[in-house]
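Let me begin by presenting the structure, written as structure tokens, before commenting on it.
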Amino acid sequence: MSIELKKIASIGRPVLERLFQYYLHDISEYSGWALEKDGSFSYPIDLLPPYWEKQDHYPYFIVNDGEIAGFSLIRRVPELSQVWEMGQFFVLRKFRGKDHGRSAFEKALYLHSGQWQVRVLIENIPAYHFWKARIDDVSKGDFSEVKRKYHSHNMTYFTFKTSP
């Protein structure tokens, strides 16, 4: 296993947009989002463009031995510009349970050290356990966990700090 984070150039945006549909499909179990008449999931039109338009947004493919295994979308929190946030993180099912997500997350922290925030839908228990375990590992237990709303969704927010 050789996990890499590869920055997504604008030419790779259509690939990310297709993968994003799998991500939305997976979280629809917890978010309740409905499938559109055309068979896709809709999301805010302004969600992905900043990853190619803004200096503080970083889109990455998670790559395993040359094959795309998912994506990691990292940005600065708009109202807290010194804090990094895992905007969206997705690992394709065939790569789950093999430490690919853990490795990709650790690589993201290495590339973007400092204060971090990760949000998880409260209903998404598997993601909650994944993030809590990973964050506990990297922070050596020094993190906070609070519940609050993000738009209309109840979320668990994890905050922690990493060193370069």
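The values are calculated or read from the model by the stated rules, or taken from the named source; none is laboratory data. Everything numeric here is computed off the predicted structure, so don't read it as measured data. Cβ placement follows ideal geometry from the backbone for every residue including glycine, while neighbour counts extend to all protein chains displayed.
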- Task: Return the pairs, sorted by first residue and then second, in which the second residue is among the aliphatic types (A, V, I, L, M) and assigned to a loop (DSSP other than H, G, I, E, B), the first residue lies in region 45-65 and is over 14 Å from residue 86 (Cα atoms), the beta carbons are less than 8 Å apart, and the residues are 6+ apart or on different chains.
- Result: 64/1; 65/1
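Conditions tested, residue by residue: (1) assigned to a helix (DSSP H, G or I); (2) among the aliphatic types (A, V, I, L, M); (3) at pLDDT below 95.
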{"residue": "83", "(1), (2), (3)": "no, yes, no"}
{"residue": "98", "(1), (2), (3)": "no, no, yes"}
{"residue": "101", "(1), (2), (3)": "yes, no, yes"}
{"residue": "104", "(1), (2), (3)": "yes, yes, no"}
{"residue": "116", "(1), (2), (3)": "no, no, no"}
- Task: List every residue pair whose Cβ atoms lie under 6 Å apart, where the two residues are 6 or more positions apart in sequence or sit on different chains, the first residue falls within region 73-92 and is without any contact (Cβ under 8 Å) to a residue 60 or more places away in the chain, and the second residue, located anywhere, is buried (at least 16 other Cβ atoms within 10 Å of the Cβ) and basic (Lys, Arg).
- Result: 85/75; 87/75
- Among the residues of region 91-103, is any closer than 24 Å to residue 136 by Cβ, of a type in the set (Ser, Thr, Tyr) and touching a strand residue (DSSP E or B) at 6+ places or on another chain (Cβ under 7 Å)? yes
- Item | Close pairs from region 145-161: first without any contact (Cβ under 8 Å) to a residue 24 or more places away in the chain and under 18 Å from residue 115 (Cα atoms), partner crowded, with 17+ Cβ neighbours inside 10 Å and aromatic (Phe, Trp, Tyr), Cβ under 7 Å, at least 6 apart | 145/158
- surrounded by fewer than 12 Cβ atoms within 10 Å (Cβ to Cβ), farther than 20 Å from residue 89 by Cβ and touching a Phe, Trp or Tyr at 6+ places or on another chain (Cβ under 9 Å) - does that describe any residue in region 19-37? yes
- Query: Within the bounds of region 105-113, is there any residue that is in contact (Cβ under 8 Å) with a residue 60 or more places away in the chain, of a type in the set (A, V, I, L, M) and closer than 17 Å to residue 132 by Cα?
  - Reply: yes
